[in-house]
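Scroll down for the structure; my scribbles are underneath it.
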Amino acid sequence: LMSELKALYQELILDHNKTPRNFRKMADASKTVEGYNPLCGDHYTIYLKLNGDTVQDISFTGSGCAISKASASVMSSLVKGKTTAEAERLFSMFHQLVTGEMRGEEHLDELGKLAAFSGVSEYPARVKCASLAWHSMKSALETNVATVSTE
Ligand code: ZN
């Protein structure tokens, strides 16, 4: 079963790398955060549009390795439409997963698509790749985004 799951996860990562979701600039973003991982050369810009407490829209542009791009794509599709509290909870779950604090196979239902990144914790160099977009999203949430830039 685990090897079937691994193949499925591999497929999901390849798919999101090849056809990243929400891969576009956002002209009217509330917040724009740049994320850079010098170890690998991953470089992304995350755009976030908040409507009250809800992440109304999220998108990204940039380039990097397959893991970093797939992770940014999955992150954007999961966080879109969620409240900021839910987005923070997803961040925390993903962080625990890739740092090995949470054993993925014990939380498959809860993890959903995030489970595809379970294997990352075995490759310390890849943890930064997988986390880049998530850290950028989190810092966008934490910074003061009260002013929406419409100009
Ligand atoms: Zn990378």
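The values are calculated or read from the model by the stated rules, or taken from the named source; none is laboratory data. Remember, it's a predicted structure, so these values are computed and weren't measured experimentally. Backbone-built Cβ (ideal geometry, glycine too); neighbour counts: all protein chains shown. Only protein heavy atoms, including side chains, enter the accessible area calculation; ligands, DNA and RNA are left aside. Shrake-Rupley method; radii C 1.70, N 1.55, O 1.52, S 1.80 Å.
Odds and ends about this structure:
- Taking a straight Cα-Cα cut-off under 19 Å and skipping sequence neighbours fewer than 8 places away in the same chain, the aspartates and glutamates within cross-link reach of Lys25 are Glu34, Asp42, Asp57, Glu151.
- Between amide H atoms placed 1.01 Å from N, distances below 5 Å from Thr99 occur with no residue 5 or more places distant or on a separate chain.
- Relative contact order (percent, whole number), the stretch 1-94, Cα cutoff 8 Å, 6+ residue spacing: 28 percent
- Counting only Cβ charges, +1 for Lys and Arg and -1 for Asp and Glu, the dipole size of the stretch 1-74 around its Cα centre is about 160 debye.
- Dipole size of the stretch 49-111 about its Cα centre, with +1 on Lys/Arg Cβ and -1 on Asp/Glu Cβ: approximately 340 debye, rounded to the nearest 20.
- Note that the chain, at 37 °C in a medium of 0.692 mPa s, gets a Stokes-Einstein diffusion coefficient of 213 µm²/s from its Kirkwood radius over C-alpha pairs.
- From phi via Karplus (6.51, -1.76, 1.60), per-residue ³J(HN,Hα) for the stretch 85-99 in Hz, x at Gly/Pro: 5, 5, 4, 5, 5, 5, 4, 5, 5, 5, 4, 5, 5, 6, 8
- Protein heavy-atom accessible surface, 1.4 Å probe, per residue over the stretch 1-105: 51 Å².
- For the stretch 19-34, 3J(HN,Hα) per residue [Karplus equation, 6.51 cos²θ - 1.76 cosθ + 1.60, θ = phi - 60°, Hz, x = Gly/Pro]: 10, x, 7, 6, 8, 6, 6, 10, 5, 10, 5, 6, 8, 10, 10, 9
- Fraction of accessible area attributable to carbon and sulfur, the chain (%, probe 1.4 Å): 51 percent
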